[in-house]
Amino acid sequence: MLSSKETIRAIEVMSQKFPDARTSLEADTDFHFLLAVILSAQTTDKAVNLLTPRLFVRYPAPEDLAAASLEEVMPLLRSIGLYRNKSKYIIACAADIVAKFDGQVPQTRKELMQLSGVGRKTADVVLAECFNIPAIAVDTHVTRVSKRLRIVPQTADVLTIEKTLMKKLPEDLWIKAHHCMIFWGRYQCMARKPLCVECPLLLICAEGKTRVQ
Ligand code: SF4
């Protein structure tokens, strides 16, 4: 298993390769960013960015979306997967924000997770991106990279991965680590064909060593 020191070093190497790693979701307000994160489940950020401008113009504030009908919202989301459920979630989420939080996106994980359609991962992304509150959202890339580098055991679940990363990395590195690991998973350590031969982490990567033998 990688030590805390080695994990920090691995993040530094990722950051050197991808110094501009950041979220690719586009939004103009905290509320719209939250919607974009909910919509991005099991689809690409690119697909979400293509449809959100129309959604955001139509529903500028939580009050506007809370008052919308499913029939009005669904056509706007039709180009992404699970659009029916996602339409329901974002309307209900907007209604929750209006009813429980006075129309403002809440700034704690506990409160965010009280919103419809918002799980721990979505809450962590919003905390980090909208409010600069240290958090590590664990998605498929963070999971794969953490396991291949043996930062976490192969059997670790999402919560264990999050807690282990939080333990091994200083708090001021959490947001950066999240972004770097996503870029690493997208462009260096891809699921099917990771670029191990040319990987600057090969020397400390158990998975990479078995792949290049
Ligand atoms: Fe991923 Fe291969 Fe690099 Fe390890 S050596 S981090 S498996 S690309």
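The values are calculated or read from the model by the stated rules, or taken from the named source; none is laboratory data. Source: prediction; values computed, not measured. Counting neighbours? That spans all protein chains shown, and the Cβs are built from the backbone with ideal geometry, glycine included.
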* Structure fact -> With criteria (1) loosely packed, with under 14 Cβ neighbours inside 10 Å; (2) touching an Asp or Glu at 6+ places or on another chain (Cβ under 8 Å), Cys130 comes up short on (1)
* **Contacts under 7 angstrom Cβ, first residue in region 198-213 being without any contact (Cβ under 8 Å) to a residue 24 or more places away in the chain and more than 18 Å from Ser3 (Cβ to Cβ), partner more than 6 Å from the ligand (Cβ to nearest atom) and in a helix (DSSP H, G or I), 6 or more apart** => none
* Asked: What is the one condition in (1) in contact with a Cys (Cβ under 6 Å, 6 or more places away or on another chain); (2) within 30 Å of Arg148 (Cα to Cα); (3) among the hydrophobic types (A, V, I, L, M, F, W, C) that Phe33 does not satisfy?
  -> (2)
* Out of all the residues in region 142-186, which are touching a Leu at 6+ places or on another chain (Cβ under 9 Å) and not in a helix (DSSP H, G or I)? -> Leu149, Arg150, Ile151, Val152
* Is it the case that Ala135 is part of a helix (DSSP H, G or I), buried (at least 18 other Cβ atoms within 10 Å of the Cβ) and within 16 Å of the chain's Cα centre (by Cα)? -> no
* Asked: What number of residues within region 165-213 are within 8 Å of the ligand (Cβ to nearest atom), exposed (fewer than 13 other Cβ atoms within 10 Å of the Cβ) and under 18 Å from Asp45 (Cβ atoms)?
  -> 0
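Residues checked against (1) in a helix (DSSP H, G or I); (2) within 26 Å of Thr140 (Cβ to Cβ); (3) under 22 Å from the mean Cα position of the chain (by Cα); (4) β-branched (Val, Ile, Thr):
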{"residue": "Gln42", "(1), (2), (3), (4)": "no, yes, yes, no"}
{"residue": "Glu63", "(1), (2), (3), (4)": "yes, no, no, no"}
{"residue": "Ser79", "(1), (2), (3), (4)": "no, yes, yes, no"}
{"residue": "Ser87", "(1), (2), (3), (4)": "yes, yes, yes, no"}
* For Pro19: the one exception among (1) in a loop (DSSP other than H, G, I, E, B); (2) at pLDDT 95 or above; (3) surrounded by 16 or more Cβ atoms within 10 Å (Cβ to Cβ); (4) of a type outside the set (Val, Ile, Thr) -> (3)
